Amino acid sequence: MLAFSGPGYLVAVGYMDPGNWATDLAGGSAFGYTLLSIILLSNLMAILLQALCARLGIATQRDLAQACHDHYSQPVSFALWIICELAICACDLAEVIGSAIALNLLFKIPLVVGVCITAMDVLAVLYLQNKGFRYIEALVVVLILTIGGCFLVEIIFAKPEVAAVFAGFLPKPEVVANRDMLYIAIGILGATVMPHNLYLHSSVVQTRKYEQTSAGRGEAIKFATIDSSVALMFALFINAAILIVAAATFHKHGQHDVAEIQDAYKLLSPMLGVPVASALFAFALLASGQNSTLTGTLAGQIVMEGFLNIRLRPWLRRLITRVIAIVPAVIVAALFGAGGTAKLLLLSQVILSLQLSFAVIPLVLFTSDRSKMGEFVSSRWLQTLAWITATIIVVLNVKYLSDWSGISAWVTGK
């Protein structure tokens, strides 16, 4: 079990990045504990999809990007690569902005300077990867525990109603009936199930040594699935904790419109009466942003090599991804300040939402194909669950994009 643990935690950090914070804060402050059911549903979908990624990577010895390159024509494969690169840059954008906001809140560092400082993590990733993959995994686990520890303390300070919290995990019809609630619910889903994580996990599970036999691969799939499922339970705790703290602090005291990270930081300590509460919140945000950039840059390298069969030096690949993300972040931070970065954070989640279906559908197709998977093809019940999950993701993301673009309002005449 210990030998196979690690890749799941690299993947889990994508489910607790700064992009999730805005949707969780908005959901908790506006609707209390009601949207905890959506966080749970999103996490269960993530566990299923990551299990399929592990199955694909171990059974075929190909990651999702390589499988797409093998299966689709060159134009289709190239189009999928472009879409995926946009998603990775959008994700990187959210993480850069999140880290810059945290530095600004903790140390009063201007947003533009903070954005530039976050670029230096490229050097840390390069150094750790040269040392070995286990070092990156160890750093990621430490940062996850840091975030989890900060929010455990925040929950103790906030003193939420335990019965209301458990009730929040039960699905309610009003989530679909209430348009505003549905919008935030779809945003939580779009921010939770990250497309680049699917490419990342199907690759990093192959870093483990196991016997290249039927029994060896079967054992590897079992333990890789356990690893990712346990790691994603940490992500469930952290996302739920953000929403619980927002509900117990803001919603309870009539502050129903706290959606921006900076607003939450300013209000936490005064409303809880605990001076250290805001600092812990910002420190957890910094850990979240740095953690996610580590895995985002790894995913970028895997995607370029898989789709295009192009191998760049790791430092050059990371530099390209980071520059593409930093340029718009610097411009917006310089021109519009904190309000502009909050809007850019939301836009990055919309771009991620758009890409999601283009990663999920090929994954489900490949793992349901006996000619590719052999004896490790997904069982009937697993295929059924996977297709239901893919359908829900596609439908909800189409709705999210329609609402965001104004198409829904045009169709309904409202």
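The values are calculated or read from the model by the stated rules, or taken from the named source; none is laboratory data. Just so we're clear, the structure is a prediction, and the values are computed from it rather than from any experiment. Cβ coordinates were reconstructed from backbone atoms using ideal geometry, including for glycine residues, and neighbour counts include every protein chain displayed. Heads up: the accessible areas ignore ligands, DNA and RNA and are worked out on the full protein's heavy atoms, side chains in. Shrake-Rupley method; radii C 1.70, N 1.55, O 1.52, S 1.80 Å.
Overview of values
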read-out: Top positive-direction residue, dipole computed over region 89-244 with Cβ charges, set V112, L236, V204; value: V204
read-out: Once the Cα gyration tensor of region 4-84 is diagonalised, semi-axes √(5λ) in Å; value: 31, 17, 11
read-out: Lys/Arg +1, Asp/Glu -1 at C-beta; the chain dipole; positive extreme among A100, T389, L152; value: T389
read-out: Selection from L64, I184, G289, by position along the positive dipole direction of the chain (Cβ); value: L64
read-out: Cβ charges +1 (Lys, Arg) and -1 (Asp, Glu), total dipole of the chain, debye; value: 460
read-out: Accessible area per residue in Å² at 1.4 Å probe, computed on region 348-389; value: 44
read-out: Cα-based Kirkwood hydrodynamic radius, region 163-207, one decimal, Å; value: 13.1
read-out: Cα-based Lys pair tally, the chain, threshold under 30 Å, eight or more apart or on separate chains; value: 23
read-out: Where N is the number of residues in region 58-125, Cα Rg divided by 2.2 N^0.38 Å; value: 1.61
read-out: Percent of Cα-Cα distances greater than 25 Å, calculated over region 136-248; value: 41
read-out: Region 1-148 - Debye-derived log10 I(q)/I(0), Cα point model, q = 0.19 Å⁻¹; value: -1.48
read-out: Charge tally in the Cβ shell below 12 Å around P160, where Lys, Arg are +1 and Asp, Glu are -1, P160 excluded; value: 0
read-out: Accessible area (Å², per residue) of region 10-157, counting only protein heavy atoms and a probe of 1.4 Å; value: 33
read-out: Paired Rg and Dmax values of region 38-94, which use every Cα atom, in angstrom; value: 13.9, 38
read-out: Carbon + sulfur, % of accessible area of the chain - ligands and nucleic acids excluded, 1.4 Å; value: 70
read-out: Accessible area per residue, Å², region 209-255 with all protein chains present, probe 1.4 Å; value: 42
read-out: Most to least packed among 153-166, 243-256 [average Cβ atoms within 10 Å]; value: 243-256, 153-166
read-out: Local electrostatic count, A241, Cβ distance below 11 Å [Lys/Arg +1, Asp/Glu -1]; value: -2
read-out: All Cα pairs of the chain, percent lying beyond 36 Å; value: 20
